[in-house]
1. Taking all pairs of different Cα atoms in region 54-117, averaging 1/r and flipping that mean, what Kirkwood radius in angstroms comes out?
2. Calculate the tail of P(r) for region 154-205: the fraction of all Cα-Cα distances greater than 19 Å, expressed in %.
3. Work out the FRET efficiency for His117 and His152 from their Cβ-Cβ distance, taking R0 = 35 Å, and round it to the nearest 0.05.
4. By the scheme Lys and Arg +1, Asp and Glu -1, what is the net charge of all other residues having a beta-carbon under 10 Å from that of Arg198?
5. If you only keep lysine pairs separated by 8 or more in sequence, or across chains, how many in the chain come under 29 Å at the Cα atoms?
6. The chain: Rg/Rh from Cα coordinates, Kirkwood Rh?
7. Assign unit charges at the C-beta atoms only (+1 for Lys and Arg, -1 for Asp and Glu), then state the dipole size of region 2-77 relative to its Cα centre in Debye, rounded to the nearest 20.
8. Report the full-extension gain for the segment Ala69 to Asp43: residue separation times 0.36 nm, less the Cα-Cα distance, to one decimal in nm.
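Laboratory data are not the source of any read-out in this text; all were calculated from the coordinates shown. Since this is a predicted model, take the numbers as computed values, not measurements. Reconstructed Cβ throughout: ideal geometry from the backbone, glycine too, with neighbour counts over all protein chains shown.
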Amino acid sequence: MKLYDTPLAPNPRRVRWFMAEKGIEDVEIVRINIMEGDHKTPDYIKRFGLANIPALELDDGTCITESLAICRYLESRYPQINLFGTTPEETALIEMWTRRGELLVAWPLMLAVRHTHPALARLETQVPAIADANRTAGLRGLKILDRQLQDHEWLAGERLTIADIVAFIGVDFTRMIKLEIPEELTGVTRWLAAMRARPAATVAV
């Protein structure tokens with residue numbers, strides 16, 4: 001297998017973090033320079049259908065994009081340590097918090113960074129109004145996560161799951177614009193510190 005990866009974007013980092021948590025080390029990493037447009041070449045788009053990173057190319061030529069789809073595939077191939085759920089109930093809760101973490105927090109905060117940081121203007125036309133609206137939406141979403149984290153160690157319960165990886169990497173991406181997490185969100189602050197203390201944090205940078 002080959003994972004087409006870039007160190008500059010949050011979605012590929014999800015997969016790197018996921019693999020680090022599971023101890024997956026036998027996937028070949030192919031570095032892509034998105035600033036140089038390596039993911040927009042005719043060959044890349046023909047292979048993967050879109051100019052998306054990350055992308056996973058299987059040994060039989062099957063190509064998968066979308067970070068969560070890649071993680072689900074790797075979960076099936078490497079079932080331990082489980083990060084997607086072991087029972088119908090747990091799986092549903094993890095899916096719920098993964099969706100909430102992505103749609104309410106990670107996606108808006110990533111858009112805020114993309115439309116704010118000067119270096120990222122090379123990748124798209126930045127619109128300050130988009131940055132402002134999504135920064136507000138992401139901080140509002142963090143309040144929802146904080147309520148959950150007041151009573152639970154991790155987003156989907158009492159163990160780390162894909163939901164934590166998805167939400168955390170979206171939040172951590174905002175370090176590029178020095179976004180301050182409101183001090184009243186004590187659950188989120190504790191959780192962020194716990195995520196940054198994990199061994200995967202030093203691997204999936």
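1. 13.7
2. Details: 304 of 1326 pairs.
Roughly 23 percent, once rounded to a whole number.
3. Numbers: r = 32 Å, r/R0 = 0.92.
According to the calculation, E is roughly 0.65.
4. Working: positive: Arg196; negative: Glu21, Asp164.
Within the 10 Å Cβ shell, the charges total -1.
5. On the way: Lys2/Lys22; Lys2/Lys40; Lys2/Lys46; Lys143/Lys178.
Taking the Cα cut-off of 29 Å, the pair count is 4.
6. On the way: Rg = 16.9 Å, Rh = 17.6 Å.
Ratio of gyration radius to Kirkwood radius for the chain: 0.96.
7. Values: 11 positive and 13 negative charges, 52 e Å.
Value, rounded to 20: 260 debye.
8. Values: separation 26, 0.36 × 26 = 9.36 nm, distance 2.17 nm.
Gain on extension, Ala69 to Asp43, equals 7.2 nm.
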